[in-house]
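Below is one structure, written out as structure tokens; comments come after it.
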């Protein structure tokens, strides 16, 4: 079982090619990098990020790592409005109570720094830029 106490790398590895490592017995943490494409008027319920998704990945620790160093394993320069989402893909640990979406951490790159924030799934349309696994350092 992995532990992220010493930090993490946002690996852009192809999840489908590593299918054998994604079994239900093993906790796997993943990330998605999105950008805001459009805001439309909408009403509805949205799921808010939580403060801890487990194994040492809590909101404050992740933010400290994002501020301190480049956590991505590929050449990436954050752009204004980029949204980093992190969650466990193990549905057994899903803490979301009213939706099928997993509990997650969320950060938006604003004013040249990462901050804890999120885009609402209702009314704020995002586009996926990249995704991968979260691996311990």
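The values are calculated or read from the model by the stated rules, or taken from the named source; none is laboratory data. The model shown is predicted, which means the values in this text are computed figures rather than measured ones. We place every Cβ from the backbone using ideal geometry, glycine too, and count neighbours over all the protein chains shown.
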Going by the conditions given, is residue 130 at pLDDT below 95, within 21 Å of residue 73 (Cα to Cα) and touching a strand residue (DSSP E or B) at 6+ places or on another chain (Cβ under 8 Å)? no
Within the range 110-125, is there a residue that is crowded, with 17+ Cβ neighbours inside 10 Å, in contact with a strand residue (DSSP E or B) (Cβ under 6 Å, 6 or more places away or on another chain) and under 21 Å from residue 5 (Cα atoms)? yes
